[in-house]
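Engineer: Supplied in structure tokens, the structure appears directly below.
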Amino acid sequence: LVAHFQPKVLAGKRVLITAGPTSEPIDPVRVLTNLSSGKMGYAIARAAREAGAQVALVSGPTALAAPRGVRRIDVTTARDMLAAVNAEVAGAEIFVAVAAVADWRVKETSSSKLKKSAGAPAGLEFVQNPDILATVAALPGAPYCVGFAAETEDLSRHAAAKRARKGIPLLVGNLAQEALGADDTALVLYDDAGEHPLPRESKLAAARRLVAAIGQRMASPAA
Ligand code: CTP
Ligand code: CA
């Protein structure tokens, strides 16, 4: 009902969102993953839909249901997520990367279950996963790209550096220890003009505020 009376700031826009963790196999029964619940990304998908957008949500494994009217594409690994994003990105005007993508995957996965009787594995070798956000941001005619950064300390320094490194106009920061799995969050927006802290509120309220901020920037790119 509330959504009904909100201005449709993203009316007709195509929005692509990544959310949740990725999960990287070690053997057929074991994975490497992280504590992302997907709540923030799903809240943004819902808020973008409420704002009139056509929303595709590329999601790692979560316990959440797709928001009403949102098309969800389920993926497992970072490489799956990149493939799904590549398949969806043409025509998207906005890309919001909220997923906690595993930075590394195990170099050689075992096709059979590792047995305890074989002794502890000598060590796992890792290879770096593709950076999905940086890949999309570097596309010719890239959509308006929004990144997320959950940091455990020095949020401003890390967030500003990350925004520059990824070549994106807008990066959203929060503190990992406060945001992970929680129902509320305190976001900080980083853009060309500097940093803009938002109030602590529910992830859905924060998502609606972020969507409004994105809509504003789409309407007047210089702002
Ligand atoms: N991201 C991505 N693909 C990756 C890693 C990150 O798309 N392989 C995106 C995330 O969805 C997020 C942003 O990049 O929007 C920042 O992610 P983060 O993990 O904070 O940045 P990294 O560049 O991986 O740096 P680090 O983890 O070392 O802080
Ligand atoms: Ca990372």
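Any read-out appearing in this document is the output of simple, stated calculations on the displayed coordinates, not a laboratory observation. This one's a predicted model, so the numbers in the text were calculated from it and none came from an experiment. Reconstructed Cβ throughout: ideal geometry from the backbone, glycine too, with neighbour counts over all protein chains shown.
Engineer: Arranged by the count of other C-beta atoms within 10 angstrom, fewest first, what order do 18, 77 take?
Structural biologist: On the way: 18 30, 77 19.
Least to most surrounded, the residues fall as 77, 18.
Engineer: Excluding residues on the same chain fewer than 8 positions from residue 203, give the aspartates and glutamates whose Cα lies under 18 Å from its Cα.
Structural biologist: Those aspartates and glutamates meeting the cut-off are 50, 151, 178, 183, 184.
Engineer: Continuing with the same structure: What full-extension length gain, to one decimal in nm, is calculated for residue 192 and residue 176 as 0.36 nm per residue of separation minus the Cα-Cα distance?
Structural biologist: On the way: separation 16, 0.36 × 16 = 5.76 nm, distance 2.35 nm.
Contour length minus the Cα-Cα distance gives 3.4 nm.
Engineer: To continue, here is another question. Could you list which residues have their amide H under 5 Å from that of residue 77, counting only those 5 or more apart in sequence or on another chain, with H placed in the peptide plane?
Structural biologist: 23
Engineer: Based on DSSP, what percent of beta bridges with both residues in the range 8-121 are antiparallel, to the nearest 5? Could the numbers behind the result be given before it?
Structural biologist: Details: 3 of 18 bridges.
Among the beta bridges of the range 8-121, antiparallel pairing accounts for roughly 15 percent.
Engineer: If neighbour count is taken as other Cβ atoms inside 10 Å, put 95, 126 in order from fewest to most. Please list the in-between numbers first.
Structural biologist: Numbers: 95 25, 126 14.
In increasing order of surrounding Cβ atoms, one gets 126, 95.
Engineer: Quick one: in the chain, what % of C-alpha pairs are over 32 Å apart?
Structural biologist: On the way: 4497 of 24753 pairs.
Summing the P(r) tail past 32 Å for the chain gives 18 percent.
Engineer: Compute the relative contact order of the range 96-173 as a whole-number percentage, counting only Cα pairs closer than 8 Å that sit 6 or more residues apart in sequence.
Structural biologist: Relative CO of the range 96-173 lands at 30 percent.
Engineer: Can you tell me the dipole magnitude for the range 160-223 around its Cα centre, using point charges on the Cβ only (Lys, Arg +1; Asp, Glu -1), in Debye to the nearest 20? The partial results should precede the final answer.
Structural biologist: Numbers: 9 positive and 7 negative charges, 49 e Å.
That gives the range 160-223 a dipole magnitude of about 240 debye.
Engineer: For residue 116, list the lysines whose Cα falls under 21 Å from its own Cα; do not include residues on the same chain fewer than 8 positions away.
Structural biologist: Counting by Cα, and skipping residues close in sequence, residue 116 has these lysines nearby: 107.
Engineer: Along Cα→Cβ, 7 Å out, is where each label goes; now give me the distance between the ones at residue 209 and residue 74 in nm to one decimal.
Structural biologist: Taking the simple label geometry, residue 209 and residue 74 are separated by 3.4 nm.
Engineer: With springs only between Cα atoms under 10 Å apart, run a GNM on the chain and tell me which of 122, 160, 90 wobbles the most.
Structural biologist: Taking springs between Cα atoms under 10 Å, the residue moving most is 122.
Engineer: Restricting to Cα pairs below 8 Å that are 6+ residues apart, what does the relative contact order work out to for the range 142-184? Please round to a whole percent.
Structural biologist: Reported relative contact order: 47 percent.
Engineer: Next question. Is it possible to state the helix-based mean residue ellipticity at 222 nm for the chain, with each DSSP H run of 4+ residues giving -39500 (n - 2.57), the sum divided by total residues, to the nearest 500 deg cm²/dmol? What is it?
Structural biologist: Rounded to the nearest 500, the figure is -8500 deg cm²/dmol.
Engineer: Rg/Rh for the range 101-160: what does it come to with C-alpha atoms and Rh from Kirkwood?
Structural biologist: Ratio value, two decimals: 1.17.
Engineer: At 0.36 nm per residue, and after removing the present C-alpha to C-alpha distance, how many nm does the segment from residue 165 to residue 87 gain when stretched out fully?
Structural biologist: Length gained, residue 165 through residue 87: 25.6 nm.
Engineer: Also: Report the residue, chosen from 155, 16, 189, that carries the largest GNM mean-square fluctuation when the chain is represented by alpha-carbon nodes joined by springs under 10 Å.
Structural biologist: It is 155.
Engineer: With a cut-off of 8 Å between alpha carbons and a minimum separation of six or more residues, what is the relative contact order of the chain in percent?
Structural biologist: In percent, rounded to a whole number, it is 20.
Engineer: Now a separate question. Using Stokes-Einstein with the Kirkwood hydrodynamic radius over Cα pairs, what translational diffusion coefficient do you get for the range 94-223 at 20 °C and a viscosity of 1.002 mPa s, in µm²/s rounded to a whole number? The partial results should precede the final answer.
Structural biologist: Working: Rh = 16.8 Å.
For the chosen part, D equals 127 µm²/s.
Engineer: When only alpha-carbon atoms are used, what values of Rg and Dmax, in angstrom, describe the range 57-100?
Structural biologist: Reported Rg and Dmax, both Å: 10.5, 29.
Engineer: Also: What is the set of long-range amide H partners of residue 31 at a cut-off below 5 Å, with H atoms built 1.01 Å from backbone N?
Structural biologist: Counting only residues 5 or more places away or on other chains, the set is 26.
Engineer: Under 20 °C and 1.002 mPa s, how fast does the range 1-124 diffuse according to Stokes-Einstein, given a Kirkwood radius computed over C-alpha pairs? Answer in µm²/s, whole number.
Structural biologist: 135 µm²/s
Engineer: Determine, for each peptide in 191-200, 107-116, 161-170, the mean count of other beta carbons within 10 angstrom over its residues, then list the peptides with the highest first.
Structural biologist: Order by mean packing, descending: 161-170, 191-200, 107-116.
Engineer: Given the options 150, 118, 92, which has the most mean-square fluctuation in a GNM of the chain, springs set between C-alpha atoms less than 10 angstrom apart?
Structural biologist: 118
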